[in-house]
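Shown next, in structure tokens, is the structure this report addresses.
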């Protein structure tokens, strides 16, 4: 064994993990992602080291109501990218409860299609943790995957609650998947999807009502005049289970990605991603420091005064921050 | 007209609004709540003035899956409290999209039951705004209603996403409403409801499967031993549309409220509410200041360096906060 070409793997140190991850070692990648998810104490160190290697990946967000067939579509899309020789990561984000039917967590069936393919990486993220936590973790997981050299990162979310919309705002291209049953176009507008969608997909297009939904979406889109040189949101039809329309979808995503580069919108989107990451870092720090502050003697006195209505919350905030 | 007993109403100044609200003027209350929702520039002033009058209300959170009949139950519960002469406010919080079926916003049918009753106040809150925004606004709306002298504030949320759980954490008593169709008790545990529920309600108890659900919940609860002197989460049956079991529910809530006072847990809960309100105030300030910082010349340079990968987000956060 020639130690100069195959250096011993060291997955215990951060240096070792980063080197192994950059060399394509999956276990190292998984461990780094777990550290990000668990808000490990060396988290800032991880991002600091990996950050120079980021910026190469295409970041595609995919959302839609439960039952729209998102997971199948994402899998087929991943296969389409693989056929082009691209390395693909899938991040399934589910902040919602089983109540809402968005049970994408733990759905491991999808993995079978790509089993043994070292160029497809799938990870589910979900938490009932502190506010803002999930979209922050997702951002940092995306940075890790980007630094790991994946060409395409597909971020799948179920539904469009507050956290889901935050997660989608990270994406460069947002695909909204609908099915006839998911309701009419007015609901799409109410859900805030008009502003966020770059592409609409009507999946399960074999169903009788799908053409009606396509027409409704076109009508809705015709009411909004895109800016000169702006992006015209296309409406595509797919039947993911039979692999119909998936190639066209990937081509349409490519067109949108080319549009982003051509117009400079890509840089704007990256800037927004980075600003929100910086804000999240500061928010996380603030959370920790306020928690600690309330455990000190003066913090406990402040809490007593709050409870006694001697001090109000805005005064307490000023006192804690040392600012008027 | 005797001006000494009926002073002229002034709803243009904050002083006037606060006085009118405290005197039971509904329009003044609505305006103050709108100011809170819209994050008015005199928001801190509003809370500062009203805070001394808070602390009297019972704060009851009610959640459950879409279709569990929460709205009807909340209405009947409000009627039960009214029969006791209590003033009741209902806050319906819906951070979710129409996708998830939680369309409690705009549901004005409920208002008819209490139409013309000055002692019932109903307000819907919903937003697709910035993260953490909705639970912060809800907290402050609750403070306004508390200061307005409502005895009971019912906060209804649909589903248990991240934002909904944050909102429920404000409540003193949390009621989880289920129906047989909402799935088994394992889902309840997965959704994090075991930790948060003080009372379980099986609504639509006329349905054949309801007894099975009650048994499942009892089995699930028997696995967790409450602490010595702790609260035993009861499982109640209601049929809200026929007003069955509602009185028993309100009595059970009263018992829980008495338990909170007896054990000192009430003060702990209020302390948590206040700590999270202080944190939210500081987080909102941080959001604004970071946004402004990125608009300055040095902020724009920092963003360029971030985009060029010369500076990483953790370094940028340290630079912005002036802390290492």
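Readers should treat all values here as calculations from the given coordinates under stated rules, not as data from a laboratory. In this text the structure is predicted, and so the values were computed from the model without any measurement. Positions of Cβ are backbone-derived with ideal geometry, glycine not excepted, and every protein chain shown enters the neighbour counts.
Take residue B:231, move 7 Å from Cα toward the beta carbon, and the resulting point lies 4.7 nm from the same point in each other copy, nearest first. For the stretch A:12-53, the C-alpha radius of gyration divided by 2.2 N^0.38 Å, with N the number of residues, is 1.02. Inter-copy label distances at residue A:244, shortest first and taken from points set 7 Å along Cα to Cβ: 4.8 nm. Sorted from longest to shortest, the spans of the Cα atoms of the stretch A:279-321 along the three principal axes equal 33, 19, 13 Å.
Shielding by partners for peptide A:281-289, expressed as the average number of C-beta atoms from other protein chains within 10 Å of each residue's C-beta, is 5.
Here residue A:212 and residue A:309 are evaluated by their C-beta separation; at R0 = 41 Å the FRET efficiency comes out at 0.10. Fully extending the segment from residue B:266 to residue B:248, taken as 0.36 nm per residue of separation minus the present Cα-Cα distance, adds 4.3 nm.
Within 10 Å of each Cβ of A:302-313, how many other protein chain Cβ atoms are there on average? All intermediate terms of the calculation are to be shown ahead of the outcome.
On the way: counts 3, 5, 1, 0, 8, 6, 1, 5, 1, 4, 12, 17.
Average neighbour count from other chains, rounded to a whole number: 5.
In nanometers and ordered shortest first, the copy-to-copy spacing of the residue A:42 label point, defined 7 Å from Cα toward Cβ, is 5.5. With the simple spin-label model, which puts each label point 7 Å out from Cα in the Cβ direction, the residue B:296 to residue A:288 separation comes to 2.4 nm.
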